[in-house]
1. What distance in nm separates the two pseudo spin-label positions at Lys262 and Asn571, each 7 Å out from Cα along the beta-carbon direction?
2. When all protein chains stay in place, what accessible area (Å², nearest 10, 1.4 Å probe) is found for Ile149?
3. Taking K and R as +1 and D and E as -1, what net charge do the other residues with C-beta under 15 Å from the C-beta of Phe172 add up to?
4. For region 333-456, what relative contact order do you get, as a whole percent, if you take Cα pairs closer than 8 Å and at least 6 residues apart?
5. Ranked from the most accessible area to the least, with a 1.4 Å probe and all protein chains present, what is the order of Ile442, Ile95?
6. Using the basic label-point model (7 angstrom from Cα toward the beta carbon), what is the Lys417 to Lys169 distance in nanometres?
7. Tell me, what is the percent relative contact order of the chain, built from C-alpha pairs under 8 Å that lie six or more residues apart?
8. When the Kirkwood radius is taken over all Cα pairs of region 459-610, what Stokes-Einstein diffusion coefficient follows at 20 °C and 1.002 mPa s, in µm²/s?
Amino acid sequence: MESKGFKDILKSLLKPLDGYCCECITLFGICLAIRLLESIILAITHYQASIFINCLLGFLTDIAYIGWIVAALYLIYYLISRISETAANITIRTIFATYISTNIALTIYFAVTHIPLDSIITAYSPKEIFVTLNANGWYNIPILVLIFIESIVYIIFPQPHYKVPMWVKILFAAIAVTSIVFPGINGQRMEFRKYYIIENKTAYLIKSLKSDNNIIQFTSSELQEKSNEFAAYFPDYEFVDYHYPFMHKDETPDILSNYLEKSEEKPNIVIIIVEGLGNYISGKNSTIASATPFLDSLADHSLVWENCLSTAERTFGALPSILGALPFGEKGFMSYRRDAPNFNTLATILNDNGYKSTFFYGGWYGFDDMDIFAQRNSMEMFYDNPEYESAEQRNKWGLLDEYMLLHSISYVKNDDKTPRLDIYLTLSTHDPFTYPNTDEYISKYKALPQKGKPTTPVKENASFMYADDCLKNFFNEYEHCGKFDNTIFIITGDHKFNTKDRSNTIDNYHVPLIIWSPMLRESHRFPAIATHRDITPSLLSYFKHSYGIDYPENEAWLNHGLDTCNTFRSNTFATHYYDSRKLNGITYGDYFITTNQTYKFDNTNNNLSLIPTDNNENANLIGLYLALERYIMNNDALVPK
């Protein structure tokens, strides 16, 4: 009787198994189809890895990740099927459809961008996500709609149920058992292109979200110990208070006075940050044909740092680094909005010394929280304004460069407030690269003497010829606005415009840095490495020594300012982030330090690159810096109010 009762229970438990296995077979079949779709898109977009083999390995990874979940869901399926088999099927399909839809979206995101989506998604508001999807291609929103429709059809459309062979049931049981002990994929031990393909994209996102839920706190003694340990890496600085671990006496040398005539009045500053302007596409040492003839000619009469590095592969790192050498935190300084710690920047300090600051940008200021950052810097903002929304003046991101730049001159000319600090951020060289007279600029670019092998489409390259013409017209018009002779212009890029190719680890951060002014005594090119973080310390030191402006004796930037050494060297500090907002590495003196390897900077044949070394004596700097940075951002411990 007992034996019969056990058999009856077992038979009852296994009765819905055929139907459930059919649902699982459909799920695994769709997962395989997603992997095949991924391999096709990657092949089309020239992803540099063994695509098809790694996609098949990725399919096995998908099964390993979801196998135990599928096994656990059988209990839910069984319990609901006791009431209604139809309800059980719809419930399981709803869960499966959620996973499938998520994985399709994440896979397409990776296949197009070549970077898996991670916790960066938490740094963006729903409006920012919509703006990005809408601006980066007409197909993005329709794809999401199709995914949603597919999910509904999958849920309500009856799946065929049939007798499943015993060997399939045994295979599913083996998958479930194996999945329980599956340790996951270790990306640290695998070449990143291969890892990105093989890793399950949903698992990658979940792991990233979990790893970011860390708030660093120290006791007073722990903070003092960490601060002293960190200070040992910077023996040239006199750190003043361990409660503010980065703060030290500012002794940045004044190097700009050697090259600029002193004017009777404080000079105006114009900083132009060109979207995507990297050394790959601009300058005499460009990798491919330079698309910026005007900037190249301007550089011949300027101070030029040939090896300048940005701090991020996207624009979110540019403003905080250029204006204040500010720390990054979890998702970027600006993402902290009004919760960011107290800070000093070029704008806040010049404002305290009688300057008026304005931020000119043709797009939506709320993107990357630029609006809050500008407000906290007391900067006026233009042109997120309905009066500039006529179709011929805009692309999907916002006002075209030619209109944004020329409108700004009218404003500056009619504004009597001086001296001025004006910040410009362009956007016409942003994906999807829509700009006026496209065919004409493509023809002009094709006619240039070519060098190197482009890894980017000619339409993207030619967009910089349009941007270059806009800058040329801007300078021509600015000359007549009455403030030209007493203005210092600084031009740089926020990052290289194409960050998909990571064959050269440092190339995505290699950007032009040009300082030009009618006040300039002589031109000079400097081969020493500089970073965006060096700009503000040098400018403020120049203003302090030449014009007597007041600013705090102690500062938190960890930089000596721009290096005017006539030989190649690196004597600076900067953190560098992927477009996913994960730390790539740290520039520390002669070295570029990552979590796995230390490199030495090299400039053979004017080609900035990295050489692996066995020097690991500074390997602990990354962990120490990140811990103190998180503490600073969470405890308002950058500089005192």
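The values are calculated or read from the model by the stated rules, or taken from the named source; none is laboratory data. Please read all numbers here as calculations on a predicted model, not as lab measurements. Reconstructed Cβ throughout: ideal geometry from the backbone, glycine too, with neighbour counts over all protein chains shown. To get the accessible areas, we keep the full protein, side chains included, count just its heavy atoms, and leave off ligands, DNA and RNA. Shrake-Rupley method; radii C 1.70, N 1.55, O 1.52, S 1.80 Å.
1. Label at Lys262, label at Asn571, 2.4 nm between them.
2. Per-residue accessible area (Ile149): approximately 80 Å².
3. Numbers: positive: Lys163, Lys169; negative: Asp18, Glu23, Asp62.
Its environment carries a net charge of -1.
4. Once normalised by length, the contact order is 29 percent.
5. Working: Ile442 30, Ile95 65 Å².
Descending order: Ile95, Ile442.
6. 7.8
7. 19
8. Values: Rh = 17.9 Å.
My calculation gives 120 µm²/s for D.
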